[in-house]
Amino acid sequence: MTTLTEKVKQEKIIAIIRGLSLNEIMKTAEALEKSGIHFIEVTFNQRGNSADTYYAIKELVREFTHVKI
């Protein structure tokens with residue numbers, strides 16, 4: 001079984017999404033997934049409030065099942 005740490009070492013890239021709207025977050029995640037990026041961090045200092053960021057993360061987890069958020 002491969003651990004999360006081992007997977008991160010294999011991938012070598014973690015995309016960080018910061019300062020985007022929900023729509024921009026979803027489009028960016030889609031482009032990252034299509035490019036082969038499988039690890040995404042979404043910071044809580046997005047435009048809007050923390051509830052919007054929480055919702056965005058929930059949507060990403062639901063929509064992009066092959067990506068670790």
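The values are calculated or read from the model by the stated rules, or taken from the named source; none is laboratory data. Computed from a predicted model, the values in this text were never measured in an experiment. All Cβ positions, even for glycine, are placed from backbone atoms using ideal geometry, and neighbour counts span all protein chains on display. Just so you know, the surface numbers come from the protein's heavy atoms only, side chains and all, with ligands and any DNA or RNA stripped out. Shrake-Rupley method; radii C 1.70, N 1.55, O 1.52, S 1.80 Å.
Rundown of residues vs (1) on the phi > 0 side of the Ramachandran plot; (2) small (G, A, S); (3) open to solvent by less than 60 Å² (accessible area, probe 1.4 Å); (4) in contact with a His (Cβ under 8 Å, 6 or more places away or on another chain), yes/no style:
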{"position": "K9", "(1), (2), (3), (4)": "no, no, no, no"}
{"position": "I16", "(1), (2), (3), (4)": "no, no, no, no"}
{"position": "S21", "(1), (2), (3), (4)": "no, yes, yes, no"}
{"position": "F39", "(1), (2), (3), (4)": "no, no, yes, no"}
{"position": "A51", "(1), (2), (3), (4)": "no, yes, no, no"}
{"position": "F64", "(1), (2), (3), (4)": "no, no, yes, no"}
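Could you tell me whether the stretch 10-17 includes any residue that is among the small types (G, A, S), under 18 Å from T65 (Cβ atoms) and out of contact with any helix residue (DSSP H, G or I) (no Cβ under 9 Å at 6 or more places or on another chain)? Give the derivation first.
Residues of the stretch 10-17 among the small types (G, A, S): 15.
Now narrow it down to the ones that are under 18 Å from T65 (Cβ atoms): 15.
Filter again for out of contact with any helix residue (DSSP H, G or I) (no Cβ under 9 Å at 6 or more places or on another chain), leaving none.
Within the stretch 10-17, none of the residues are among the small types (G, A, S), under 18 Å from T65 (Cβ atoms) and out of contact with any helix residue (DSSP H, G or I) (no Cβ under 9 Å at 6 or more places or on another chain).
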